[in-house]
Amino acid sequence: MATFSENQVRHLFVANSLGTTGVGAISVDNNSTELFLKYIGADGPVKTDSIPFANVTQAQAFKYTKMSRPLNKYTVALDANVNGGAPLAGQDYLTRVKFYEWGSISFDDQYFKHGVVHATTGMTAEQFYQAMAASLVLNMSREKIPLLNVTLNGTAASIVLTSNAGVTVTADNVGTAGNAITFAITDVAAATAAVTVTGSAISVALTAAAKTIADLKAIINASATAAPLVNITGTDTTVLVTEAARTLTGGTTTGIILEEVEQPWTLGTKESQPLNYLVQCDKITLADGDYVWGTSVKSASSNVVLNGKITADMEYFFVGERGDQYRNVGFPNVIKTAYLVDPTVAYNYIEIDYFYQGEGTNVQKSQKHLTIVVPAIGANNAAQIALANSIIAAITVGGITIAALV
């Protein structure tokens, strides 16, 4: 279950707008010495503590990217220093995937998956990678919840057409098989548009009324035989002419990629946590001794888990500070709470640390923390930070300094 640090008191508010109307609206009231925030929650208006400026110990804001995490990814390849980077016939090659903290938070609880290839005479590096990937996929397939995506690493064959220089044809899959694909535009005034696939040869006939790159993309994507082979890129409005068959080039296979699959998440009870795992290559026996047959390199994936789920968990947890301490204990006789965080959306954060201190002799400071989460919605950075910055500006005017997001 998702648990968080409260120190003494921590309140979280979801600010969907700066104003006084609508669920999630937040506004700032201030005078010369203190401020408070008015908020429209799912069940009506509430307000924060009155926060004296002098009692603020820290105030900051940060973007959602600080809490986002890339999926873990490993790339496995034959070691060029072991048998010249070629499979050695007769040897058994083993890839070991070791998952830590499996079913618990203990490093000692581990779970293993393997891929195994028996190298044969004449096996190429590409054939080895294909066999190893197939073995890993098969071994992973028994899991009810997928753990890793296993794909080939390398380059997809491609070609920039000659007569139609605005068109790039790229194989859908990496590997040398793409180097056998040919592509031709046989007609641009046909009575009927058509795609013909013979083995690895693709030919397209377009009509006079529909002969742009957009039309070419559409007919390829609609073809059950051509779509699995190639994809087309280029400016949609460009008009095409006939093109003799061109052969795709540059396809290679250089290794295997094992990338984490984001695991299931359930609000308040099942966190969105990364898979903690290690990929290892075992040893093979050469004439002069045993050697680790390959390299395993960890790198960050371009696939990123945003902070919407952890923000939703934080709202679920910290709303307990406002009267729902038991949450779903005693179901179905529970307090029905409406939560405002959308777990599919990223959120920027505004944080204010302050304290309450009464009057008298040797009065201690009671630490408090206010978190405002603001949806980062928009097609670009300026749109994603605009609402957060408008709230920051309203708070800053009141006497608390928070640097705007950039």
Expressed in angstrom and rounded, the centroid-to-centroid distance over alpha carbons for the stretch 326-342 and the stretch 151-177 is 53 Å
The alpha-carbon center of the stretch 43-79 and that of the stretch 237-293 are separated, in whole Å, by 31 Å
Here the residues of the stretch 262-294 lying in the modelled label zone of residue 81, meaning backbone nitrogen under 20 Å from a point 7 Å along Cα-to-Cβ, are 279-294
A correct Karplus calculation of ³J(HN,Hα) over the stretch 62-68, with 6.51 cos²θ - 1.76 cosθ + 1.60, θ = phi - 60°, whole Hz and x for Gly and Pro, returns 8, 7, 4, 4, 5, 9, 7
The simple spin-label model distance between residue 331 and residue 108, using points 7 Å out along Cα→Cβ, in nm, is 3.2 nm
The Cα radius of gyration of the stretch 289-375, divided by 2.2 N^0.38 Å with N its residue count, comes to 1.84
The answer for chymotrypsin sites (Phe, Trp or Tyr not before Pro) in the stretch 320-406 that fall in a DSSP coil and have at most 11 neighbouring Cβ atoms within 10 Å is 326
For the chain, the helices passing both cut-offs (Cα extent along own axis of 20 Å or more, Kyte-Doolittle mean at least 0.0, full DSSP H runs) are 125-140, 381-397
With Cα springs under 10 Å, the Gaussian network model of the chain assigns the largest mean-square fluctuation among 286, 148, 71 to 286
Placing each pseudo-label 7 Å from Cα in the direction of the beta carbon, residue 144 and residue 7 end up separated by a distance in nanometres of 4.2 nm
CD proxy, 222 nm, the chain: helix-only mean residue ellipticity via -39,500 (n - 2.57) per DSSP H run with n ≥ 4, per residue, nearest 500, stands at -4000 deg cm²/dmol
Residue by residue through the stretch 281-293, the couplings from Karplus 6.51 cos²θ - 1.76 cosθ + 1.60 with θ = phi - 60°, in Hz, x for Gly and Pro, are 9, 7, 9, 10, 9, 9, 4, 9, x, 9, 9, 5, 6
Cross-link reach from residue 270 to aspartates and glutamates, straight Cα distance under 12 Å and at least 8 residues apart if same chain, gives 313
HN-Hα couplings for the stretch 224-229 via Karplus (6.51, -1.76, 1.60; θ = phi - 60°), in whole Hz with x for Gly/Pro, come out as 5, 9, 8, 4, x, 9
Computed over the stretch 182-247, the convex hull of the Cα set has an average projected area, in nm², of 4.0 nm²
Cross-link reach from residue 47 to lysines, straight Cα distance under 19 Å and at least 8 residues apart if same chain, gives 38, 368
Those trypsin sites (Lys or Arg not before Pro) from the stretch 287-377 that are DSSP loop and have at most 14 other Cβ neighbours within 10 Å turn out to be 336, 365
Filtered hits (aspartates and glutamates, Cα-Cα < 15 Å from residue 298, offset >= 8 within chain) -> 259, 260
Heads up, the stretch 253-406 by the C-alpha gyration tensor (a ≥ b ≥ c square roots of eigenvalues; a/c under 1.5 rounded, else a/b over b/c prolate, else oblate) looks prolate
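Here, each number is a calculation from the coordinates, and none is a lab measurement. No experiment lies behind these values; they were computed from the predicted model shown. Virtual Cβ from ideal backbone geometry, glycine too; neighbours counted across all protein chains shown.
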